[in-house]
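Right, one structure below, let's go through it.
The values are calculated or read from the model by the stated rules, or taken from the named source; none is laboratory data. Keep in mind that this is a model prediction, so the values were computed, not measured. Don't worry about glycine lacking a Cβ; one is built from the backbone with ideal geometry, like all the others, and counts go over all protein chains shown. Note: areas computed on protein heavy atoms with side chains; ligands, DNA, RNA excluded. Shrake-Rupley method; radii C 1.70, N 1.55, O 1.52, S 1.80 Å.
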Amino acid sequence: MTLISLDKNIALIGFMGVGKSTIGCSLAKSLGIGFKDTDKQIEKETNMDIANIFKMKGEQWFRDIESIVLTNLISDGPYIIATGGGIVERSINRQILKNQTITVSLLATAETICQRVILDNNRPLLNTENKLQEIERLLNLRLKYYYESDILVWTDTLTRNQVKDKIIDELKYLK
């Protein structure tokens, strides 16, 4: 049974390592709706993992597929949709998200993100010697878009359940 009546998808946006997929799955269960992950859907449709897509096809090709997948997922909902961290870099994606979803930005400091992803070698944008510096650079580019969301939740010091509960509480105010 859904706790909150939803007529729109809820899109979780934010930088890699903030918990979009994990929290999204838990949130979907709590709300009694489906969960979709744009990166997982891209991997399913291309039969390639994200790291190989970046290596073989490049970031631009990935971003093209990402926009198509986002459009398709939104038309099927309502879902909780975990998006890739860079989905907000394209204005068309921002427009789709703003007009057709409730956006929830999961945020964390660059230091927290770095701690969470430091050992993950499947992050193609972080295949660099100084991961923290690259996280700071990318975060600075994207932060203004994350701040445009309907709901903002800082995840640095919260548990997954606390983040989920905070989102559910904030959703009640949007009705």
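Within region 1-57, which residues are over 23 Å from residue 94 (Cα atoms) and of a type in the set (Gly, Ala, Ser)?
5, 26, 30, 32, 51, listed by residue number.
With a cut-off of at least 2 residues that are surrounded by 14 or more Cβ atoms within 10 Å (Cβ to Cβ) and touching a Phe, Trp or Tyr at 6+ places or on another chain (Cβ under 7 Å), name the helices (runs of 4 or more DSSP H) lying wholly within region 1-93.
Here the list reads 20-31, 50-56, 59-76.
State whether the residues of region 102-122 include one that is crowded, with 16+ Cβ neighbours inside 10 Å, of a type in the set (Ser, Thr, Tyr) and in contact with a Lys or Arg (Cβ under 7 Å, 6 or more places away or on another chain).
Scanning region 102-122 turns up no residue that is crowded, with 16+ Cβ neighbours inside 10 Å, of a type in the set (Ser, Thr, Tyr) and in contact with a Lys or Arg (Cβ under 7 Å, 6 or more places away or on another chain).
Please state which one of 83, 128 is touching a helix residue (DSSP H, G or I) at 6+ places or on another chain (Cβ under 7 Å), β-branched (Val, Ile, Thr) and at pLDDT 95 or above.
Within the list 83, 128, the selection yields 83.
Please list, ordered by first then second residue, the pairs with beta carbon atoms under 9 Å, 6 or more apart or interchain, first in region 157-175 and free of Cβ contacts under 8 Å to residues at least 24 places away in the same chain, second open to solvent by less than 30 Å² (accessible area, probe 1.4 Å) and part of a helix (DSSP H, G or I).
So the pair list comes out as 157/112.
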